[in-house]
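Only one structure is covered here, and it is reproduced in the block below.
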Amino acid sequence: MRSCLLLLLFLASFAVTAQRVVPRDFKKYFDEQGVQGSFLLFDAQANQYTAYNETRCRQGFLPASTFKIPNTLIGLETGALRDTSEICRWDDVTREVAAWNADMTYAQALRVSCVPCYQELARRIGAKTYNLWLPRLRFGRMLVTTATVDTFWLAGASRITQFEQVDFLRRLQANKLPVAVRNQEAVKALLVLNKGSNWTLRGKTGWTGYSRGNAPKTHNGWFVGWLEQEGRLYFFALNMEPKNNGPATEKFVQGRRLITEKILRQEFSLMP
């Protein structure tokens with residue numbers, strides 16, 4: 001069984017690699033925010049990727065809170081999460097993110113990226129269930145043990161590339177994940193960030209900050225999702241980090257989405 005799953009992962013990776021990738025230079029958008037990184041766009045109708053820093057787009061990073069997408073799907077599918085209206089109770093521990101210091105539904109928890117709520121869900125799901133479901137979902141290469149069950153997406157050796165993020169989102173958008181359609185639709189509804197008369201933007205940010213030994217903390221940020229506009233689909237994955245291993249400033253926090261939306265508008269004439 002394991003060898004078959006590895007073969008499927010290899011074939012999926014080969015299919016992604018085989019599609020046309022057009023290089024583009026989006027460096028100025030990253031420079032404006034004092035960051036460095038990479039950007040990947042897939043135009044579904046043209047069956048074409050556009051990449052800034054393609055080599056980096058193929059480099060794996062911790063998924064951070066982008067993992068809340070498959071995490072919610074697994075929770076719903078296994079019954080660990082009744083539905084997205086289920087309440088996550090605050091444990092009375094005051095945390096730096098004020099929005100986390102309250103009871104909230106899991107729908108709200110995804111939107112405010114509440115780490116403690118999703119750590120509680122992870123402990124319910126358990127390592128054995130993750131190791132059964134994650135290969136089925138083909139969400140990067142997640143390494144889960146009993147000891148790391150509530151941290152593996154934030155620290156450690158788990159990795160996912162921008163190409164893998166886009167591949168996963170394409171299957172979610174088309175309801176082609178091995179999960180009940182109602183659960184895929186429920187999660188997609190939570191990802192809506194903005195809408196216009198003829199377009200809808202869906203996405204999820206992520207952010208990890210970790211240290212090795214006495215080294216300064218390394219920050220890494222994600223913004224992944226897709227745009228539906230006039231019957232066309234555009235999937236994207238941005239990954240970035242502060243220049244010179246700098247701190248996570250407000251420009252870093254806001255820049256993940258800002259850079260993406262500038263590229264979509266100014267380079268592809270999308271999202272009027």
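The values are calculated or read from the model by the stated rules, or taken from the named source; none is laboratory data. This structure is a prediction, so every number in the text was calculated from the model and none was measured. Counting neighbours? That spans all protein chains shown, and the Cβs are built from the backbone with ideal geometry, glycine included. Accessible surface areas use protein heavy atoms only, side chains included; no ligands, DNA or RNA. Shrake-Rupley method; radii C 1.70, N 1.55, O 1.52, S 1.80 Å.
Quick notes on this one:
- Neighbours by Cβ (under 6 Å, 6+ apart or cross-chain): first from the range 233-261, within 17 Å of Pro272 (Cα to Cα); second open to solvent by 10 Å² or more (accessible area, probe 1.4 Å) and part of a strand (DSSP E or B): Tyr234/Asp43
- If you filter the range 22-48 down to residues that are touching a residue at least 60 places away in the same chain (Cβ under 8 Å) and of a type in the set (S, T, N, Q), you find that the one that is farthest from Glu241 (Cα to Cα) is Gln45.
Conditions (1) modelled with pLDDT of 95 or more; (2) acidic (Asp, Glu); (3) assigned to a loop (DSSP other than H, G, I, E, B), marked per residue:
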residue: Arg123; (1), (2), (3): yes, no, no
residue: Asp150; (1), (2), (3): yes, yes, yes
residue: Val166; (1), (2), (3): yes, no, no
residue: Arg171; (1), (2), (3): yes, no, no
residue: Lys176; (1), (2), (3): yes, no, yes
residue: Val187; (1), (2), (3): yes, no, no
residue: Gly206; (1), (2), (3): yes, no, no
residue: Trp226; (1), (2), (3): yes, no, no
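- Filter pass, Asp92 being modelled with pLDDT of 95 or more, over 22 Å from Leu227 (Cβ atoms), out of contact with any helix residue (DSSP H, G or I) (no Cβ under 8 Å at 6 or more places or on another chain) and not in a loop (DSSP other than H, G, I, E, B): no
- Only listed residue being open to solvent by 10 Å² or more (accessible area, probe 1.4 Å) and part of a loop (DSSP other than H, G, I, E, B), chosen from Ala80, Ala99: Ala80
- Screening Asn220 against (1) open to solvent by less than 20 Å² (accessible area, probe 1.4 Å); (2) free of Cβ contacts under 8 Å to residues at least 12 places away in the same chain; (3) not β-branched (Val, Ile, Thr) leaves a single unmet condition, (2).
- Filtered by the rule that a residue be within 18 Å of the chain's Cα centre (by Cα) and open to solvent by 30 Å² or more (accessible area, probe 1.4 Å), the range 55-71 gives Arg58, Gln59.
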